[in-house]
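Read through the structure below, which is laid out as structure tokens, and then see the notes.
No lab work stands behind these numbers, since they all come straight from the coordinates. Fair warning: this is a prediction, and the values are worked out from it, not measured in the lab. We place every Cβ from the backbone using ideal geometry, glycine too, and count neighbours over all the protein chains shown.
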Amino acid sequence: MAAPFPNLKEHEILSLRQKIEKEMAHEQSEKPQIISFKNQQFVVKFARQEKKRDRQEKLSAAAYFLLFRKWLSPRCFEALTVKQEAKRIINLNALNLQVAPIYYYNEQYFIQAYSGVSLDTVLPRTKKTQQLFLIYDVFSSLAQLHRQGQWHGGPQIRNITLYNKQLYRIDFEERFGFYTPIALSQSYDLMLTFNSIKKFLNDDLQLGQKLFMHYWHLNPDKSLLPYLNKVLKWLKPIYPISQFLGRINKHNNDINTSLFFGQVLKNCLPALSHQTQS
């Protein structure tokens, strides 16, 4: 059942805009802000202040090349403008995907329905049994997005919210998916999702495999396999020294989470590849 998001009329949207521009005119916050209007909450996301991100974009392009052996210009890793992001969310909403509606956008900000608290906040405060249900729902949501031929780009649990017992996806700033094969971007989504939930799995590899197969059952897209195999191939040389890396990098989440995902792929991909060949 869809969440009961407010259904605003044109004059109400105008009043909300006036309230935002009066109360938040000098805010221009880097983080989305919550504003109350007619006993409802709304999220206001402002345009980012221009910053030099050349180094970050070059590093992202290099990492992307190492993982998938596909070169993208660093410009492909620039963030979307708020106007572009709003348009993308509107398109996803039209497909009945799990995003909250947009009420208004311009070059400076957009107004979106409030869709709850980030799972990065919710999960640590949730009992283990309910936590597991929510984690399975994260992969169901990702499979639903991918079945519609879409990608997230920032699928980490900090960009997934819980509202009225439903999950919603936020933060669609990434643009690189417009320049790559959809299966490549979806494979990247899957890897980032695993990396963000690994800390809640207690290194339970069997559970990781069950989550992967849960996703695959809902979205058995064989076009993902070549890209997932490339990720596994890239990680294989690290395994012989993984215990050593673990000792000297106990707090390095990037190494630990990537190796965990690689082990999941190592155990799951052979059977899937065999199925597609038979």
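The fewest-to-most ranking of Leu145, Leu205 by surrounding Cβ atoms within 10 Å reads Leu205, Leu145.
Over region 117-277, the fraction of Cα-Cα pairs per 5 Å bin, rounded to whole percents and listed from the shortest bin up, is 1, 8, 18, 22, 21, 15, 10, 3, 0, 0.
Around the amide H of Tyr103, modelled in the peptide plane, lie the amide H atoms of Ile111, Gln112, Ala113, all under 5 Å away and 5 or more residues distant in sequence or on another chain.
Helix 205-218 against the longest principal axis of the chain: what's the angle in degrees, Cα atoms only, rounded to the nearest 10? So the helix axis and the longest Cα principal axis differ by about 60 degrees.
Placing unit charges on C-beta atoms (Lys and Arg positive, Asp and Glu negative, everything else neutral), compute the dipole magnitude of region 32-128 about its Cα centre in debye, rounded to 20. Don't skip to the answer; put the middle values down first.
Working: 17 positive and 7 negative charges, 63 e Å.
Dipole of region 32-128, to the nearest 20 debye: 300 debye.
Applied to region 77-92, the Karplus parametrisation 6.51 cos²θ - 1.76 cosθ + 1.60 on θ = phi - 60° returns per-residue 3J(HN,Hα) values of 9, 5, 6, 5, 6, 4, 5, 5, 5, 4, 5, 5, 5, 4, 5, 5 Hz, with x for Gly and Pro.
How large is the dipole of region 89-216 about the Cα centre if only Lys and Arg carry +1 and Asp and Glu carry -1, each at its Cβ, rounded to the nearest 20 debye?
On the way: 11 positive and 9 negative charges, 88 e Å.
So the dipole magnitude of region 89-216 works out to roughly 420 debye.
The simple Förster model, with R0 at 22 Å and r as the Cβ-Cβ distance, assigns Asn164 and Lys222 a FRET efficiency of 0.05.
In order along region 261-268, the Karplus-derived 3J(HN,Hα) couplings, from 6.51 cos²θ - 1.76 cosθ + 1.60 at θ = phi - 60°, round to 4, x, 5, 4, 5, 4, 7, 9 Hz, and Gly and Pro are given as x. Residues Ser185, Ser223, arranged from fewest to most other Cβ atoms within 10 angstrom of their Cβ, appear as Ser223, Ser185. Taking Lys and Arg as +1 and Asp and Glu as -1, the other residues whose beta-carbon sits under 14 Å from that of Tyr227 total +3. Exposure proxy for His11, His146, His217, His152: other Cβ atoms within 10 Å of each Cβ, ordered fewest to most, give His11, His217, His146, His152. Sequentially through region 115-132, phi angles give Karplus couplings (6.51, -1.76, 1.60; θ = phi - 60°) of 10, x, 9, 4, 4, 4, 8, 5, 4, x, 9, 10, 4, 4, 5, 5, 4, 5 Hz, Gly and Pro residues having no value and appearing as x.
Based on the Cα gyration tensor of the chain, what are the three equivalent ellipsoid semi-axes, each the root of five times an eigenvalue, rounded to whole Å and given largest first? Walk me through the numbers before you get to the answer.
Numbers: eigenvalues 240, 90, 68 Å².
Semi-axes (√(5λ), whole Å): 35, 21, 18.
If you wrap the tightest convex hull around every Cα atom of region 31-113 and split its volume per residue, you get 125 Å³.
Quick check on my link table: of Lys45/Lys199; Lys127/Lys266; Lys22/Lys83; Lys9/Lys87; Lys58/Lys87, which ones sit more than 24 Å apart, alpha carbon to alpha carbon? With Cα atoms farther than 24 Å apart: Lys45/Lys199; Lys127/Lys266; Lys58/Lys87. For the chain, set up a GNM with springs between Cα atoms under 10 Å and report which of Arg158, Arg75, Arg55 has the largest fluctuation. Its mean-square fluctuation being the largest, the pick is Arg55. Helix 10-23 and the long axis of the chain differ in direction by around 80°, with both axes built from C-alpha atoms. For the chain, the longest principal axis of the C-alpha atoms and the axis of helix 225-235 are separated by about 70°.
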